[in-house]
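Trainee: First the structure, which I've put down as C-alpha cells, then a few questions once you've had a look.
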Amino acid sequence: MLAAELRLHDVRVLVLEKETEPPSFVRIVGLHSRSLELMAMRGLLERIREHGRQRPAGGFFAAIPAPAPPGLDSAYAYLLGIPQPVIVRLLEDHAVALGAQVRHGCAVAGLAQDSDGVTVELADGERLRSRYLVGCDGGRSTVRKLLGVGFPGEPSRVETLMGEMEVGVPPEEIAAAVTAVRETEHRFWLRPFGAGVYSVVVPAAGVGERGKPPTLEDFRRQLRAIAGTDFGVHSPRWLSRFGDATRLAERYRVGRVLLAGDAAHIHPPIGGQGLNLGVQDAVNLGWKLAAQVRGWAPGTLLDTYQAERQPVAADVLDNTRAQMELLSPEPGPQAVRRLLTELMDFDEVNRHLTEKVTATGVRYDIGEGPDLLGRRLRDIEVKQGHLYGLLHRGRGLLLDRTERLTVGGWSDRVDYLGDPTAALDVPCVLLRPDGHVAWIGDDQQDLDDHLSRWFGRPS
C-alpha cells in the first residue's frame, strides 16, 4: 500500500519482500470501514469487494453481540472478510501497475544511513542505496532492531489458538455448543466460512510450546476439554497461536528510516484492527514521504506522521487490552462485561466503540476549529458522482461552495471543485490526500496559509 501511495507521486520505490512465495495457508482477514474508505479513495474497492464477504458492522468490541448502531458516518459501514493472500496479491498488483518494483526472496540484514540516504545490505551481501527506507517488516522487525528503537510494552500473558478447518458435525450442533460454552468462555468460537469450513478459536491453556505452531491435535484436545467434543475437525487450512502482548515503538522515525504497521506496534488481534492500522499508517505516510522526496514538503510535514499515527496506535493498544480483559472468565471481568453489554444498548455507547474499532472516529490534532477539522470526510455525493472518486490520484482537494477561492500556485498538488454539493454544510473544505480535513473556512489568505502548511510553497 505504501509503495502504491509513493508511486502516485512519481517516486521511485523498491519493495524488498523476504518471502519467495505467498503463504500456503488461507487466513481470512477483515477490512473495517476506514480501510474500505481508503480503498475507495484509490479506486480499489470494487475489485477488492468482489473477492470478499460482507457482514454488518456490529459485535466488534470484545465480541459483545451488539448490532450495528444506526447512523454510522460512513458509506461503507460493514466488515469485508477477504483471504489474506488475495488482498496481498491485489495490493501488489496495484503497486506494480503504478510502477513499483517488487523483489521477492530479499531479506534485509543491515543498514547504515548518512545525511544523503540509506545503504541497505541484503542477506546475500548485495548492497542497495536509497534516499529513505521504511520498515514494514512486522512485529519482529529487523529494521526496528537495527535502528535500536525501543519497543516497550507488556509481554504475552494469555495465548489463544486460531485456525480454519473443516468440521464433521451438523451446523446446528455447533451453534448449540458454541452458545452454551460462550456463556462463560468468550475466547471460544466456531464461525462458518462456507463449504463446511469454520474459523476456530479456543484458549491455548498451555497446549504445546509458546512460539511454535500448534497442531490439529492441539485444537482437538482443547475443544474436547472446553466443549466436550472436537466437532470432528479435520483438513486444516491454517493453524496459528497468538498472545496478548502489546508494544509500541518509541519512535516512528530515525533520520531517513521510518517504521509502519506491526514494525511500529503490536497488540492482540481482538477486534481485527491490526491489518487496518497498518494500511492506515501507509496512507498517512505515503504522501508526506513523497513530498519530502519530491522537494516540496514543508519543514515539519514528515514529523506529523509520528505525531498523528503514534497516538492512534496507543489507543488501539488500550482498547485491545480492555477487550482482552473482558474475555477473561474471572468473576470481576465478567461483571464488567455484563455492565458494558447493558451500556451498549445505548446507541451513543455502541457507536463510540464501533467508531473506535473501525477507526472512523479518528481525529488528528490539527488545531482548534470545528469538530470536523482533523477528521476524515465521508464519501459524500458531488456533482461528478462521489467524493472519493476525486481522490484516486492521491492529491489534495479543495471543496469550495462559495466558488470564490482558488488553489493558485498549488494546482500541481491540489485539485479544485467548485459548488461541490449541498451535503457539505460548511463554506469550504481543504482535504489532504488521506481524506482528512486540513482546513475549513472561506478566506483566501487563510486558505493560502494552510496550503503552505500542508503542501509547501506554491510553484
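Trainee: In this structure, does Asp124 turn out to be open to solvent by 40 Å² or more (accessible area, probe 1.4 Å), in a loop (DSSP other than H, G, I, E, B) and free of Cβ contacts under 8 Å to residues at least 24 places away in the same chain? Talk me through it step by step, then tell me what you get.
Mentor: Details: open to solvent by 40 Å² or more (accessible area, probe 1.4 Å): yes; in a loop (DSSP other than H, G, I, E, B): yes; free of Cβ contacts under 8 Å to residues at least 24 places away in the same chain: yes.
Spelling it out, Asp124 is indeed open to solvent by 40 Å² or more (accessible area, probe 1.4 Å), in a loop (DSSP other than H, G, I, E, B) and free of Cβ contacts under 8 Å to residues at least 24 places away in the same chain.
Trainee: Now, a different point. So in segment 112-121, with the set limited to residues that are in a strand (DSSP E or B) and open to solvent by 40 Å² or more (accessible area, probe 1.4 Å), which one is nearest to Ala290 (Cα to Cα)? Spell out how you get there, then give the answer.
Mentor: Of all residues in segment 112-121, those in a strand (DSSP E or B) come to 112-113, 118-121.
Restricting the remaining residues to those that are open to solvent by 40 Å² or more (accessible area, probe 1.4 Å) gives 112-113, 121.
Working: Ala112: 21, Gln113: 19, Glu121: 23 Å.
So, considering only residues that are in a strand (DSSP E or B) and open to solvent by 40 Å² or more (accessible area, probe 1.4 Å), the one nearest to Ala290 (Cα to Cα) is Gln113.
Trainee: Looking at segment 433-444, which of its residues are in a loop (DSSP other than H, G, I, E, B) and either touching a Pro at 6+ places or on another chain (Cβ under 8 Å) or open to solvent by 50 Å² or more (accessible area, probe 1.4 Å) (or both)? Can you show your working first?
Mentor: Initially, segment 433-444 is screened for residues in a loop (DSSP other than H, G, I, E, B), giving 433-435, 442-443.
Answer for segment 433-444, where residues must be in a loop (DSSP other than H, G, I, E, B) and either touching a Pro at 6+ places or on another chain (Cβ under 8 Å) or open to solvent by 50 Å² or more (accessible area, probe 1.4 Å) (or both): Asp442, Asp443.
Trainee: Taking segment 203-222 only, how many residues are modelled with pLDDT of 80 or more and among the acidic types (Asp, Glu)?
Mentor: Of the residues in segment 203-222, 2 are modelled with pLDDT of 80 or more and among the acidic types (Asp, Glu).
Trainee: Condition check: out of contact with any Phe, Trp or Tyr (no Cβ under 6 Å at 6 or more places or on another chain) and of a type in the set (Gly, Ala, Ser). Does Gly374 satisfy that?
Mentor: no
Trainee: Do you know which of the residues in segment 1-23 that are of a type in the set (Lys, Arg) and open to solvent by 50 Å² or more (accessible area, probe 1.4 Å) is farthest from Val88 (Cα to Cα)?
Mentor: The residue in question is Arg12.
Trainee: May I pose another question? Taking the conditions exactly as written (at pLDDT 95 or above, buried (at least 18 other Cβ atoms within 10 Å of the Cβ) and not in a helix (DSSP H, G or I)), does Trp296 satisfy them or not? Before you say what the answer is, go through the steps one by one.
Mentor: On the way: at pLDDT 95 or above: yes; buried (at least 18 other Cβ atoms within 10 Å of the Cβ): yes; not in a helix (DSSP H, G or I): yes.
The answer is yes for Trp296.
Trainee: Kindly indicate which of Leu327, Leu353, Leu317 is closer than 30 Å to Thr184 by Cα, surrounded by 19 or more Cβ atoms within 10 Å (Cβ to Cβ) and modelled with pLDDT under 95.
Mentor: Numbers: Leu353 fails: modelled with pLDDT under 95; Leu317 fails: modelled with pLDDT under 95.
The unique qualifying residue is Leu327.
Trainee: Report, by residue number, each residue of segment 363-404 that is at pLDDT 95 or above, under 16 Å from Tyr76 (Cα atoms) and loosely packed, with under 15 Cβ neighbours inside 10 Å.
Mentor: Gly389
Trainee: Can you find, within segment 1-55, the residue that is farthest from Gly361 (Cα to Cα) among those that are touching a strand residue (DSSP E or B) at 6+ places or on another chain (Cβ under 9 Å) and of a type in the set (Asp, Glu)?
Mentor: In this case the residue turns out to be Glu21.
Trainee: What are the residue pairs meeting all of these: first residue in segment 327-339, first residue within 22 Å of Asn350 (Cα to Cα), second residue not hydrophobic (A, V, I, L, M, F, W, C), Cβ atoms under 6 Å, and 6 or more apart or on different chains?
Mentor: Qualifying pairs under 6 Å: Leu327/His186; Leu327/Arg187; Pro333/Glu325.
Trainee: Among the listed residues Arg363, Arg395, identify the single one that is under 18 Å from the mean Cα position of the chain (by Cα) and closer than 29 Å to Asp315 by Cβ. Don't jump to the end; show me each part of the working.
Mentor: Numbers: Arg395 fails: under 18 Å from the mean Cα position of the chain (by Cα).
One residue alone meets the criteria, Arg363.
Trainee: With the structure loaded, tell me whether Asp347 is in contact (Cβ under 8 Å) with a residue 60 or more places away in the chain, open to solvent by less than 20 Å² (accessible area, probe 1.4 Å) and either touching a Cys at 6+ places or on another chain (Cβ under 7 Å) or among the acidic types (Asp, Glu) (or both) or whether it fails that test. Break it down stepwise before answering.
Mentor: Working: in contact (Cβ under 8 Å) with a residue 60 or more places away in the chain: yes; open to solvent by less than 20 Å² (accessible area, probe 1.4 Å): no; either touching a Cys at 6+ places or on another chain (Cβ under 7 Å) or among the acidic types (Asp, Glu) (or both): yes.
No; evaluated as a whole, the condition is false for this residue.
Trainee: From the list Leu430, Leu447, pick out the single residue that is more than 20 Å from Ser33 (Cβ to Cβ), in contact with a strand residue (DSSP E or B) (Cβ under 8 Å, 6 or more places away or on another chain), in a helix (DSSP H, G or I) and among the hydrophobic types (A, V, I, L, M, F, W, C). Show your work before the answer.
Mentor: Details: Leu430 fails: in a helix (DSSP H, G or I).
Just one listed residue meets the conditions, Leu447.
Trainee: How many residues are more than 20 Å from Arg363 (Cβ to Cβ) and open to solvent by 10 Å² or more (accessible area, probe 1.4 Å) if we restrict to segment 262-277?
Mentor: 8
Trainee: Tell me, yes or no, whether segment 88-97 has at least one residue that is over 17 Å from the mean Cα position of the chain (by Cα), part of a loop (DSSP other than H, G, I, E, B) and either under 25 Å from Phe193 (Cβ atoms) or at pLDDT 95 or above (or both).
Mentor: no
Trainee: Every residue in segment 127-148 that is crowded, with 17+ Cβ neighbours inside 10 Å, under 22 Å from the mean Cα position of the chain (by Cα) and not in a strand (DSSP E or B), please.
Mentor: If the condition is that a residue be crowded, with 17+ Cβ neighbours inside 10 Å, under 22 Å from the mean Cα position of the chain (by Cα) and not in a strand (DSSP E or B), then Cys136, Asp137, Ser141, Thr142, Val143, Arg144 are the ones that fit.
Trainee: Among the residues of segment 154-198, which ones are open to solvent by less than 40 Å² (accessible area, probe 1.4 Å), part of a strand (DSSP E or B) and touching a Gly at 6+ places or on another chain (Cβ under 8 Å)?
Mentor: The one that is open to solvent by less than 40 Å² (accessible area, probe 1.4 Å), part of a strand (DSSP E or B) and touching a Gly at 6+ places or on another chain (Cβ under 8 Å): Thr160.
Trainee: If you don't mind, there's one more thing I want to ask. Take Phe231 and tell me if it is assigned to a helix (DSSP H, G or I) and open to solvent by less than 10 Å² (accessible area, probe 1.4 Å). Spell out the reasoning first.
Mentor: Working: assigned to a helix (DSSP H, G or I): no; open to solvent by less than 10 Å² (accessible area, probe 1.4 Å): yes.
So Phe231 does not fit the description; no.
Trainee: Criterion first (farther than 29 Å from Arg256 by Cα and assigned to a strand (DSSP E or B)) does Val201 satisfy it?
Mentor: yes
Trainee: Now for a different question. Would you point out the residue of segment 311-330, among those that are not hydrophobic (A, V, I, L, M, F, W, C) and not in a loop (DSSP other than H, G, I, E, B), that is farthest from Pro203 (Cα to Cα)?
Mentor: Here is the first cut: in segment 311-330, the ones not hydrophobic (A, V, I, L, M, F, W, C) are 311, 315, 318-321, 323, 325, 328-330.
The next check asks that each one be not in a loop (DSSP other than H, G, I, E, B); those that pass are 311, 315, 318-321, 323, 325.
Details: Pro311: 30, Asp315: 25, Asp318: 21, Asn319: 20, Thr320: 17, Arg321: 17, Gln323: 15, Glu325: 14 Å.
Here the residue is Pro311.
The values are calculated or read from the model by the stated rules, or taken from the named source; none is laboratory data. Note that the structure is predicted; figures quoted are calculated from it, not measured. Every residue, glycine among them, receives a Cβ derived from its backbone with ideal geometry; neighbour counts consider all protein chains shown. Only protein heavy atoms, including side chains, enter the accessible area calculation; ligands, DNA and RNA are left aside. Shrake-Rupley method; radii C 1.70, N 1.55, O 1.52, S 1.80 Å.
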